[in-house]
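Readers should treat all values here as calculations from the given coordinates under stated rules, not as data from a laboratory. All of these numbers come straight from a predicted model, not from anything done at the bench. Virtual Cβ from ideal backbone geometry, glycine too; neighbours counted across all protein chains shown.
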Amino acid sequence: MTVLKDTEESQRRQVKALSATDTMSHLIEEECGKRKITPKEVQSGGRRMKASEARAAIAYRAATEYGLPA
């Protein structure tokens, strides 16, 4: 039974990771749309104010709404 439990837990972690990726992609798209910037600007790490604000909003929403680490 231990092998089965380990396998089930591993699969749960993989599904959770995939859904977290989808969630982050959705958050990035949503916040970029609000601020009229591209996802590439947010992901590039530049210091432009709109991109910085979008990154902060994404991190905040990921942590508060979805329980993901910031």
Original post:
Between S25 and R48, what length in nm is gained on full extension when 0.36 nm per residue of separation is reduced by their alpha carbon distance?
Top reply: 6.2 nm
Original post:
For the residue pair K40 and E65, what label-to-label distance in nm results when each label sits 7 Å from Cα along the Cα-to-beta-carbon direction?
Top reply: 2.5
